[in-house]
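Chemist: Below is a structure I'd like to ask you about.
The values are calculated or read from the model by the stated rules, or taken from the named source; none is laboratory data. Predicted model, so just to flag it, every value in this text is computed and none were measured. Positions of Cβ are backbone-derived with ideal geometry, glycine not excepted, and every protein chain shown enters the neighbour counts.
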Amino acid sequence: MPRAERPLDNGDNVLLRFAADLRRLRAAAGSPPYRALAQQVHYSTATLSQAAAGRKLPTLAVTLAYVRGCGGDVGEWERRWHEVAAELAEDAHHASDGQEPPYAGLASFQPEDTDRFFGRERLVEDLLARLSTRRLVALFGASGAGKSSVLRAGLIPRLPAGWHVVLFTPGAHPVEELGFVTGCSSGVPDARDLRLLVRQRLAGGPDDAEVVIVVDQFEEVFTLCRDPAERARFVDLLVAAAVEEHGRCRVVLGVRADFYAHCTNYPRLVDLFRDAQIPVCPMTTDELRSAIVRPAVAAGCTVESALLAKLVVDAHGQVGVLPLLSHALLETWRRRRGNTLTLNGFHAAGGIDGALAQTAESVYAEFDPHQRLLARNLFLRLTVPGEGTEDTKRHISRGELDVDDPGTMVVLDRLARARLLTLDRDTVEITHEALIRSWPRLREWLAEDREALRTHRQLTEATDAWESVDRDPGALYRGTRLALAQDLSTKDDSVLSRREREFLAASLSAQVREQTAARLRTRRLRRLVALLTVFLVLAATATTYALRARTAADRQRDLAVAQRVAGQAGLLRAADPATAAQLGLAAYRLAPTVDTRSALLSTFATPYATQLTGHDNEVNMSTFSADGKLLATASQDHTVRLWSADDPHHPEVIATLTGHSDSVHGTAFSPDGRVLATGSWDDTVRLWDISDPAAPQVMVTLSGFTGDVNAVAFSPDGRTLAVAGDSRVRLWDTTDPRRPAEIAAARVALSSVSLAFSPDGRALAGANWDGTTLLWDVTTLPRLGEPRVLTGHTAPVTWVAFSPDARLLATTSQDHTVRLWDTADPLAPPRVLAGHADVVRAAAFSPDGSVLATGSYDRTTRLWDVAHARELTAFNGPTGYVLSVAFSPDGRTLAASSKNYTTWLWDLPGPTITAHGNPVCAVAFSPDGSVLATGSWDRTVRLWDTHSNVQLAVLTQHRDSVCGLAFSPDGHTLATASYDRTARLWDVSDLRRPAELFTFAAHHDNVNSVAFARDGQVLAIAGLDGTVSLWDIADRRYPNRLAVLSGHRKGVNAVVFSPDGHTLATAGWDRSVRLSDVRDPRRPTDLAVLTGHTDGVIAVAFSPDGRTIATGGWDRTVRLWDVRAATELAVVHQTDNVNAVVLSPDGHTLAVGSWDRTVRLWDVRDPRHPAESAAVTGHTDAVWSLAFAPDGHTLATGSKDHTARLLEIDPERVAATVCAVAHPPLSSAQWDRYFPQLPDRRPCPGH
């Protein structure tokens, strides 16, 4: 029988009455068991029983689910819930009348709050110590970690007397804001202004006094400032202030951790970050106690011990929980009993997770329908949708709001009184970003149409710009932007302010006037034609004109739509790769322009993933079967799904396993693939017979656990199952999986959350919540001895994984690190992998053990080179925390499960080569295209199989960067050029065992480039010493120098032979390109000097027919030259310095690599009139080297971002790949959304 429901507490208050009515509703429905209700409405039994417990107000969603399950009137209960929430909020408000609360709630502590700021003393001491030795310090932490409070109430009051503090947030115009807070008279300071202002501030003060510039919420530089130039200038000003010799200024930055990557775009800032970063970690238990108890004691209050224990347990180890904790404490204080903060008061407030949502919901419930609409639109204005990061708040001027509407001021006042908003004299902002994460209603608003939110933000900025130029008509919207804004207004005009409506109306009026003027011109033209021609000719002409006009109008419409969709595809690529790929292809099919071709070709320039959707809650784990045919995903929605994984691009759900009544956190396949074990927070483990994956059957349920089951793992022989739960690790004999028998158990501190058997079956590892890793010897089963304890992590350990050879154990932790332990000597210090900006949740080794994948709460999945303990690449896909990672048995797919209800299947290795640890400055294909050589600043050359991207060999003899590569025409020899002042010849006949043949050491500075002549018998070597040497290499082991060319006045950057081998072209820092006749390589003669570049020439390439040369330089141009006439044919301007140029084997396409991070493709069939065909994106830093494969459609790129990539540049081949891999196909609804009023022409009809 089900156990009886706990009686309600004595008393008569609104919560108890509400709970009693819920219980009566359930009784009227026949008292269905909570387990049956849970299966019906998809909430846990604990959640539903707590809803009717009378201790706290359940959320509206839980209440309505409870009511639906019991057959109640949903509308009536929704009204009732809002009434209760409003009454609770009113009670809380009266409880605080006349007294200053001891807790700040959502608001950041300010310098004047230092007397009630506790728990961060150690962090403040670390910050002060670091600031005493560094002139720039950065405080990194997750949103809600307490960075602002540490800076304002911790650091500033502790600075020495006489020091001056400049505290501000950057806002949309950080340079102007810096000028305002420093008192710069010009309003826009430069470095000299800052030096002067520092001296003025310190005049007359102590000699050792300094100015400290504290920039809180530094991430606003990236979220609110739209001008990259202003961002760079702001960073430069801060850096200049910090590094000035004999300066008296220090800089402190408070930065949200998920914006660390954005900071790395500024090398000078990154240089200062070294040894100057301080992470804001979750509070320890002692720090939490101090932060909870000491403010109450200072206010003459006490904290009930049960409440203190509850708060510490709920908040310990949680990232970003502090504002929620502070708000819950504030609401609990308002519900105190006398001077005591009680556990009942805490429950009535909604607890840590519910207090903030309850406050927001109760205030919202007080509004009338018009005010609710105003509140919704206000919160959407105050939020910036994240792109690969969390949504963030933005502060706005009151002028952006319709303050003439009396409802606006009512809404602002009530939200400010509830401390949900902060009002300044001229600005409004959300008090803390925790509200964005914790209020379900706001999250639903933000999720409705994120693209519309971005369009609205752009409209707001355009309105501001229009008003700043006195409403100049030239600043109005036109074309695609006007169409998008008009669509936004049509969907929901209420979101627009009066100013924005006026801007949109003015734009539409201007469009009408322009169209009217165009029609008038057309009408006059027609009248003139009528006067000059006969009616028949007039009719024919009018008909022809109409048809052409219609065609032209359709063409313009298609162009506008295609451009817009191509842009949307680029924005969507990180969040939904399949949809983005198909949209990019559809846009290209509609209008093959530069932008649409660029979007299409960029589809696979970055790693591609297929999304698995269908779970109704976060996906906790994904696991492949040993044969790779099945994938299991376990979710907080209480289910496990089995997917076919044979084709990772088209996965299908085979079965959904139901039966667990709470979140499923552990899954494990038996080695033979016939049994699946699942562990759940419903305190059970289930063993499923999946011999027929389409019809899984429960074989047995293991119960008796007294707490959550977190992990399950089979031994390699399948005879033992390990289970972690209720502070114990248990082992079961599963020789007969229908009759498992418990054979051993071990008690652990707190709990274990991950288990792994070593591949040899000799050891079992457990990740422990107390920050330790436990290693048991399981060769002695059924006796289980004491484990070895591995210590080093400073926060709970979250995952364990053994390498395939069992020599390494990887552990992940909430301390943001990964550690690699030597299992032969586990007590030796481990190697530490650092790079994640938040909790590292999971890890997995690749099947060959060379790569480790990790998933993190920073929303990235990262790959690491195990041998060298360094990061290879990061995948920025899921918009939620990454909770699990798993390699497929063949290593070609990586599954990453996420808190956003999805699992991503990443293609490996994809187009990216990630083995180098430094910039890739050279790439070269073998003559048959089967091998790619890459050279790097890491002093190595690596050889790759281009069909599989598998590494064949590594050449390590050079002692400095290798930035020049060339294969001989027969493909048997590779020449390499290095900054170690040498060039080398290698025998690569056996690609897996290259052998060095000869070292050239005749140059006196960096050797930059090498090139073989057509017959392979002559090698040219170019160096920074300004010379080019020619060598007879007929005998590869005994080359002879033939001649030295010394015409360049500065270093030579590139050398190349013409296709017929008669001409040698060299490019140098002296801004020239020199052509030499080398038909007799012993006696080369000058042919011509090509001048025109205004800075160093970095790259040179011949067309296949030898008639044209392309050159690229740091003057931001590419120039095309007629070789015979030695004259310039065309100049192609680029957006940044050019590092590489290369022509395709057919001579039709020129590829250009630049500091702007793109590869631009140009149609040069007419070299006098080159036309841009595409700009391929994907690299995150400058593109330094390029090479075409012999097939003419594969392009290799090398970049400063440490990667090389193989790009497909044939649009039709990319289109075929899109249709082969993109899943699911575009729906008709998606087509109508992105291509409104156009006939359905989805790009992959047979897909």
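Chemist: Pick out the one residue from Thr633, Thr656 that is surrounded by fewer than 23 Cβ atoms within 10 Å (Cβ to Cβ) and assigned to a strand (DSSP E or B).
Modeler: Thr656
One line per residue, one yes/no per condition, for (1) of a type in the set (A, V, I, L, M, F, W, C); (2) under 22 Å from Leu237 (Cβ atoms); (3) touching a residue at least 40 places away in the same chain (Cβ under 8 Å); (4) not assigned by TED's automatic domain parsing to the domain that holds Val270:
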position: Leu128; (1), (2), (3), (4): yes, no, no, no
position: Ser132; (1), (2), (3), (4): no, no, no, no
position: Lys147; (1), (2), (3), (4): no, yes, yes, no
position: Leu159; (1), (2), (3), (4): yes, yes, yes, no
position: Leu167; (1), (2), (3), (4): yes, yes, yes, no
position: Gly171; (1), (2), (3), (4): no, yes, yes, no
position: Leu178; (1), (2), (3), (4): yes, yes, yes, no
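Chemist: Kindly establish whether Asp848 is more than 19 Å from the chain's Cα centre (by Cα), surrounded by fewer than 17 Cβ atoms within 10 Å (Cβ to Cβ) and over 29 Å from Met283 (Cα atoms).
Modeler: yes
Chemist: Determine, yes or no, whether Ala138 is modelled with pLDDT under 85 and under 34 Å from the mean Cα position of the chain (by Cα).
Modeler: Answer is no for this residue.
Residues checked against (1) closer than 21 Å to Val150 by Cβ; (2) within 22 Å of the chain's Cα centre (by Cα); (3) among the basic types (Lys, Arg):
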{"residue": "Leu178", "(1), (2), (3)": "no, no, no"}
{"residue": "Asp190", "(1), (2), (3)": "no, no, no"}
{"residue": "Arg195", "(1), (2), (3)": "no, no, yes"}
{"residue": "Val211", "(1), (2), (3)": "yes, no, no"}
{"residue": "Ala229", "(1), (2), (3)": "no, no, no"}
{"residue": "His246", "(1), (2), (3)": "no, no, no"}
{"residue": "Gly254", "(1), (2), (3)": "yes, yes, no"}
{"residue": "Phe259", "(1), (2), (3)": "yes, yes, no"}
{"residue": "Tyr266", "(1), (2), (3)": "no, yes, no"}
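Chemist: Which residue out of Ala1174, Ala1140 is buried (at least 18 other Cβ atoms within 10 Å of the Cβ) and in contact with a helix residue (DSSP H, G or I) (Cβ under 9 Å, 6 or more places away or on another chain)?
Modeler: Result: Ala1174 is the single residue among Ala1174, Ala1140 that is buried (at least 18 other Cβ atoms within 10 Å of the Cβ) and in contact with a helix residue (DSSP H, G or I) (Cβ under 9 Å, 6 or more places away or on another chain).
Chemist: Residues of segment 707-747 being within 26 Å of His638 (Cα to Cα) and not in a strand (DSSP E or B), which ones?
Modeler: If the condition is that a residue be within 26 Å of His638 (Cα to Cα) and not in a strand (DSSP E or B), then Gly707, Asp708, Ser715, Gly718, Asp726, Ser727, Thr734, Pro737, Arg738, Arg739, Pro740 are the ones that fit.
Chemist: Quick check, is Ser670 closer than 16 Å to Leu755 by Cβ and touching a His at 6+ places or on another chain (Cβ under 6 Å)?
Modeler: No, not satisfied.
Chemist: Identify the single condition in (1) under 23 Å from Asp682 (Cα atoms); (2) within 37 Å of the chain's Cα centre (by Cα); (3) modelled with pLDDT under 80 that Arg35 does not satisfy, given that it satisfies every other one.
Modeler: (2)
Chemist: Here's a check for you: in segment 1108-1148, which residue that is under 33 Å from the mean Cα position of the chain (by Cα) and among the β-branched types (Val, Ile, Thr) is modelled with the lowest pLDDT?
Modeler: Thr1135
Chemist: Also, I was wondering about something else. Go through segment 215-256 residue by residue and tally those that are in contact with a strand residue (DSSP E or B) (Cβ under 7 Å, 6 or more places away or on another chain), among the hydrophobic types (A, V, I, L, M, F, W, C) and surrounded by 23 or more Cβ atoms within 10 Å (Cβ to Cβ).
Modeler: 9
Chemist: Still on this model: Quick one: Val150 ticks every box in (1) in contact with a strand residue (DSSP E or B) (Cβ under 8 Å, 6 or more places away or on another chain); (2) within 27 Å of Ala229 (Cα to Cα); (3) surrounded by 21 or more Cβ atoms within 10 Å (Cβ to Cβ) bar one, so which box is it?
Modeler: The one condition Val150 does not meet is (2).
Chemist: Exactly one of (1) surrounded by fewer than 18 Cβ atoms within 10 Å (Cβ to Cβ); (2) out of contact with any strand residue (DSSP E or B) (no Cβ under 9 Å at 6 or more places or on another chain); (3) of a type in the set (Asp, Glu) is unmet by Asp193. Its number?
Modeler: It fails just one condition, (1).
Chemist: Of the residues in segment 856-911, how many are among the polar types (S, T, N, Q), under 17 Å from the mean Cα position of the chain (by Cα) and in a strand (DSSP E or B)?
Modeler: Result for segment 856-911: 7.
Chemist: Can you tell me which residue among Ala749, Ala765, Ala745 is surrounded by 14 or more Cβ atoms within 10 Å (Cβ to Cβ) and either within 34 Å of the chain's Cα centre (by Cα) or not assigned by TED's automatic domain parsing to the domain that holds Ala142 (or both)?
Modeler: On inspection, the qualifying residue turns out to be Ala765.
Chemist: Considering only segment 399-418, state which residues are surrounded by fewer than 20 Cβ atoms within 10 Å (Cβ to Cβ), in contact with a helix residue (DSSP H, G or I) (Cβ under 9 Å, 6 or more places away or on another chain) and either assigned to a loop (DSSP other than H, G, I, E, B) or modelled with pLDDT of 75 or more (or both).
Modeler: Residues satisfying the conditions are Gly399, Glu400, Asp402, Val403, Asp404, Asp405, Gly407, Thr408, Val410, Leu412, Arg414.
Chemist: Among the residues that make up segment 119-136, is at least one of them basic (Lys, Arg) and more than 23 Å from Val243 (Cβ to Cβ)?
Modeler: Checked against the condition, which is being basic (Lys, Arg) and more than 23 Å from Val243 (Cβ to Cβ), segment 119-136 yields at least one hit.
Chemist: Condition first: of a type in the set (Gly, Ala, Ser) and part of a helix (DSSP H, G or I). Now tell me which residues in segment 230-284 satisfy that.
Modeler: Ala232, Ala240, Ala241, Ala242, Ala257, Ala261
Chemist: Is it the case, given these coordinates, that Asp1095 is charged (D, E, K, R), part of a strand (DSSP E or B) and touching a Lys or Arg at 6+ places or on another chain (Cβ under 8 Å)?
Modeler: When the stated conditions are applied, Asp1095 does not pass them.
Chemist: Within segment 814-829, how many residues are touching a residue at least 40 places away in the same chain (Cβ under 8 Å) and over 18 Å from the mean Cα position of the chain (by Cα)?
Modeler: Selection size over segment 814-829: 7.
Chemist: Right, here's the next one. Scanning segment 602-630 for residues that are assigned to a strand (DSSP E or B) and touching a His at 6+ places or on another chain (Cβ under 8 Å), which turns out surrounded by the fewest Cβ atoms within 10 Å (Cβ to Cβ)?
Modeler: So, considering only residues that are assigned to a strand (DSSP E or B) and touching a His at 6+ places or on another chain (Cβ under 8 Å), the one surrounded by the fewest Cβ atoms within 10 Å (Cβ to Cβ) is Thr610.
Chemist: Also, quick follow-up: Right, Pro295: surrounded by 20 or more Cβ atoms within 10 Å (Cβ to Cβ), within 34 Å of the chain's Cα centre (by Cα) and within 30 Å of Ala357 (Cβ to Cβ) or not?
Modeler: Judged against the criteria, Pro295 is not a match.
Chemist: For segment 1143-1171, what are the residues that are more than 17 Å from Lys1200 (Cα to Cα) and either in contact with a helix residue (DSSP H, G or I) (Cβ under 9 Å, 6 or more places away or on another chain) or in a strand (DSSP E or B) (or both)?
Modeler: Leu1143, Thr1149, Leu1150, Ala1151, Leu1161, Trp1162, Asp1163, Ala1171
Chemist: Looking for something small (Gly, Ala, Ser), assigned to a helix (DSSP H, G or I) and either within 25 Å of Pro1145 (Cβ to Cβ) or touching a helix residue (DSSP H, G or I) at 6+ places or on another chain (Cβ under 8 Å) (or both) - is there at least one such residue anywhere in segment 1210-1223?
Modeler: Yes, segment 1210-1223 contains a residue that is small (Gly, Ala, Ser), assigned to a helix (DSSP H, G or I) and either within 25 Å of Pro1145 (Cβ to Cβ) or touching a helix residue (DSSP H, G or I) at 6+ places or on another chain (Cβ under 8 Å) (or both).
Chemist: For the structure I just gave you, tell me whether Leu1206 is within 30 Å of Ala1125 (Cα to Cα) and crowded, with 20+ Cβ neighbours inside 10 Å.
Modeler: For Leu1206, the condition - within 30 Å of Ala1125 (Cα to Cα) and crowded, with 20+ Cβ neighbours inside 10 Å - is not met.
Chemist: With respect to Arg1074, is the statement that it is in contact with a Gly (Cβ under 9 Å, 6 or more places away or on another chain), among the basic types (Lys, Arg), closer than 27 Å to Gln1134 by Cβ and assigned to a strand (DSSP E or B) true?
Modeler: It is true that Arg1074 is in contact with a Gly (Cβ under 9 Å, 6 or more places away or on another chain), among the basic types (Lys, Arg), closer than 27 Å to Gln1134 by Cβ and assigned to a strand (DSSP E or B).
Chemist: Where residues in segment 1090-1107 are farther than 16 Å from Leu1064 by Cβ and touching a Phe, Trp or Tyr at 6+ places or on another chain (Cβ under 7 Å), which of them is surrounded by the fewest Cβ atoms within 10 Å (Cβ to Cβ)?
Modeler: Result: Asp1095.
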